[in-house]
1. Within the range 101-110, how many residues are assigned to a loop (DSSP other than H, G, I, E, B) and surrounded by fewer than 14 Cβ atoms within 10 Å (Cβ to Cβ)?
2. Of the numbered conditions (1) more than 12 Å from L49 (Cβ to Cβ); (2) more than 12 Å from the chain's Cα centre (by Cα), F134 satisfies every one except a single condition; which is it?
3. Any residue in the range 57-68 that is among the acidic types (D, E) sitting within a Cβ distance under 6 Å of a residue that is modelled with pLDDT of 95 or more? List the pairs, counting only those 6 or more apart or interchain.
4. Restricting to the range 23-50, and then to whatever is in contact with a Gly (Cβ under 9 Å, 6 or more places away or on another chain) and farther than 17 Å from C108 by Cβ, can you tell me which residue is modelled with the lowest pLDDT?
5. Of (1) more than 18 Å from V31 (Cβ to Cβ); (2) crowded, with 16+ Cβ neighbours inside 10 Å; (3) within 16 Å of the chain's Cα centre (by Cα); (4) not basic (K, R), P42 satisfies all except one. Which?
6. For residues that are touching a Lys or Arg at 6+ places or on another chain (Cβ under 9 Å) and either surrounded by fewer than 18 Cβ atoms within 10 Å (Cβ to Cβ) or charged (D, E, K, R) (or both), scanning just the range 51-70, find the one that is nearest to I33 (Cα to Cα).
7. Testing K97 on (1) modelled with pLDDT under 95; (2) under 17 Å from L49 (Cα atoms); (3) of a type outside the set (A, V, I, L, M); (4) loosely packed, with under 14 Cβ neighbours inside 10 Å, one condition comes back false. Which one is that?
8. Take the conditions at pLDDT below 95 and surrounded by fewer than 10 Cβ atoms within 10 Å (Cβ to Cβ) and apply them to L17. Does it pass?
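The values are calculated or read from the model by the stated rules, or taken from the named source; none is laboratory data. In this text the structure is predicted, and so the values were computed from the model without any measurement. Positions of Cβ are generated from backbone atoms using ideal geometry, with glycine treated the same way; all protein chains shown enter the neighbour counts.
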Amino acid sequence: MKRAMVLFSVFCLAAVLALPAQAEDNVKDGVFIHISHGSDDPHRVLMALNMAKIMADDHDVLVYIDIKGVDAVLKDSPDISYSHFPSSRTQFSALLKQGATLMVCPGCLKAAGKSQEDVADGIQIADKNAFFDFTKGRILTLDY
């Protein structure tokens, strides 16, 4: 009898623990894309933006730009182009229309001698809470 109660308890616990997983099946996973280059490496920045655009079709996307990538998200940034990839401005615009979150590192912005007023429209100043709040699912990271 004691053994039956233990097995029944284990079964009930497993059933209860499985419920949240079933309820979360419709939750989209997120993709965190880190871009640390800009016009210094057009292939790298445009490949990252292209991956973000592809992923944004089915997933929540946050693009985090820091270090040399800062020079790609300023109002007066050149429109970066390379090979067959859509240009940087084209891809930033498309990502914003898809609902992706685009953030720039405030410390890197300051190190570049720039401020929030210099940042292109639609690009947010990074907030640590947004790194976890942009999706309800798991987070995959791609680093460029």
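1. 0
2. (2) is the only condition that F134 fails.
3. Matching pairs, first to second residue: D66/S36; D66/C105; D66/C108.
4. The qualifying residue modelled with the lowest pLDDT is E24.
5. (3)
6. It comes out as D60.
7. Here K97 meets the rest and fails (1).
8. So L17 fits the description; yes.
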